[in-house]
Amino acid sequence: MGFNDCDDAIEDLSDWHLEFLLISVAVCLIGALLVNPLIIFIILLKNKFRQETRYLLLANLMLSDLVFLCLNSCVSITLTICYCSAILTITLMAIDTFLAVSLPLRYISLMPPSRTIKLLIVIWVVASVYPIFLLVVILVVESYPEMNHQSCLLPLALDSKTLGNGLVISIHIFLVSGALVCLAVIIYCYVMLYYNTKRSGIWDNLYSRARVTLLIHTTLFFLYFAPGLFLVWLSSVNSEVFMMLPRMLCPYLYGLRYRDIAKRIKRSFLVKQHSVRSMNAWYISGHGDSQ
């Protein structure tokens, strides 16, 4: 959205008495800012994490979500790029998990860190093509010269008065097809993972780690995909809740479930607490000696 559209969105919330939805924006932003930068920093700082594909993909997803949260309702084209990048990244994460479990002996050769970095660059390039193309089309064929060009790309693109019915239908088909392809790939990967591992016994316990992980992934995938597929027209609830919620939950449900990252974060806090206690003890002892 552009800045004028931010005002319009707030007015819409007031008209419908949905001001409380703004609270969710603040909660999601604060919740993500507490953990997101820390996980990204730890992954980039430790060479061990930088050498593993899953951590590089996680850092890219965290980065997409962080930019999305910071620029939500402000910069439309960047927002759209970050949303597309997040969808493509979680699709690649599902493929990565499938390869790691199904082809453990070939996994390192199939997904080395160097190839992962190239794939991440491709993701950002592909994610940028659609919104840039859409913005150019809107600027060329828009029939309302007085309209602010910083308007939300997606609602403007889905407005038949702006682009014409034929182009709007094409955009609908493109959006839904792209999202469904990613969703189909994710579903296929996890169905095959279940089929290949069901004999190992990891699914027997109702509260097994495999079941909990699958439930978390399914919930997050739904929250990522639902706004783009079904909830675009519910702009207020969509932008203030559904678009923000998975980006707040992701670092907690994804990042902190990696034991190495969780241990590293705990170790960092323990070191800081020890340093603070040492400084306090030094200050107290020094103050006592001076008396």
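Restricting the first member to the range 191-204 and to residues that are of a type in the set (Val, Ile, Thr), and the second to residues that are in a helix (DSSP H, G or I), the beta-carbon pairs closer than 7 Å and six or more apart or on different chains are 197/101; 202/210. Of the residues examined, residue 56 is one that is assigned to a helix (DSSP H, G or I), modelled with pLDDT of 80 or more and over 16 Å from residue 69 (Cα atoms).
Per the listing 41, 49, 20, the residue uniquely modelled with pLDDT under 80 and at negative phi is 20. All of (1) modelled with pLDDT under 65; (2) within 18 Å of residue 226 (Cα to Cα); (3) of a type outside the set (Val, Ile, Thr); (4) in contact with an Asp or Glu (Cβ under 8 Å, 6 or more places away or on another chain) hold for residue 86 with one exception: (1).
The values are calculated or read from the model by the stated rules, or taken from the named source; none is laboratory data. Remember, predicted model here, so these are calculated numbers, not experimental data. All Cβ positions, even for glycine, are placed from backbone atoms using ideal geometry, and neighbour counts span all protein chains on display.
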